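> Please read through the structure below; I'll follow up with questions.
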Amino acid sequence: MSKAKDVDDRFKKFGTVSFTAITKINDFIDYLENGKVMGTRCKGCGQSFFPPRSDCYQCLPGEMEWFEVSGMGKLVTYSKLEYAPIGFQEDVPYCIALLDYGDYKVFGRIDRNLPPEELKVGMEMKTVANTLPNGQLNYVFQRP
Ligand SMILES: [Zn+2]
């Protein structure tokens, strides 16, 4: 079995963001299954990456380590999605958003139990691992 095939199969479980450009970081899904949302950090320069990257563009071929996305991020922007990509039509409407954690930013969706009217740019939110009704994994943003 090829390495690429292995990555593809595992990323089928991931339900929010397209990670097609990413290779070698399929541990992300294993962490997610264990309730952890993880990014990568370069051991050379300390740069944090989310979505996780396997290489640092400054220190190639620098060594990367995993870190957990924890604590609070600030809501930078959000948008209500009425139309979803193929495969996710039953999920809409939902809100996608961007959280700023200082060193890095996390793009994802707002917990569907949180009404959009209660969202405010600048509010603090946390990122948590989540399982969708169809069994796919993703992560969502919740209020603290
Ligand atoms: Zn680096």
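> When the residues of the range 55-95 are narrowed to those that are within 16 Å of the ligand (Cβ to nearest atom) and surrounded by 19 or more Cβ atoms within 10 Å (Cβ to Cβ), which ends up nearest to N130 (Cα to Cα)?
M64
Each row is one residue, and each column tells you yes or no for (1) modelled with pLDDT under 95; (2) of a type outside the set (A, V, I, L, M, F, W, C).
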site: K13; (1), (2): yes, yes
site: T16; (1), (2): yes, yes
site: A21; (1), (2): yes, no
site: Y31; (1), (2): yes, yes
site: K36; (1), (2): no, yes
site: P61; (1), (2): yes, yes
site: E65; (1), (2): yes, yes
site: V69; (1), (2): no, no
site: G102; (1), (2): no, yes
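> How many of the residues in the range 55-106 are under 24 Å from K36 (Cα atoms) and not in a loop (DSSP other than H, G, I, E, B)?
21
> Then there's this: Among the residues of the range 41-54, count how many are out of contact with any Asp or Glu (no Cβ under 6 Å at 6 or more places or on another chain), near the ligand (Cβ under 9 Å from one of its atoms) and not hydrophobic (A, V, I, L, M, F, W, C).
Qualifying residue count for the region: 3.
> Being among the aliphatic types (A, V, I, L, M), farther than 19 Å from F67 by Cβ and assigned to a strand (DSSP E or B) is the filter here, so list the residues in the range 107-136 that pass it. Walk me through it before giving the result.
The first filter runs over the range 107-136 and keeps only residues among the aliphatic types (A, V, I, L, M), leaving 110, 114, 119, 121, 123, 125, 128-129, 132.
The next check asks that each one be farther than 19 Å from F67 by Cβ; those that pass are 110, 114, 119, 121, 123, 132.
The answer is I110, and nothing else.
The values are calculated or read from the model by the stated rules, or taken from the named source; none is laboratory data. This one's a predicted model, so the numbers in the text were calculated from it and none came from an experiment. Cβ atoms come from the backbone with ideal geometry, glycine included; neighbour counts cover every protein chain shown.
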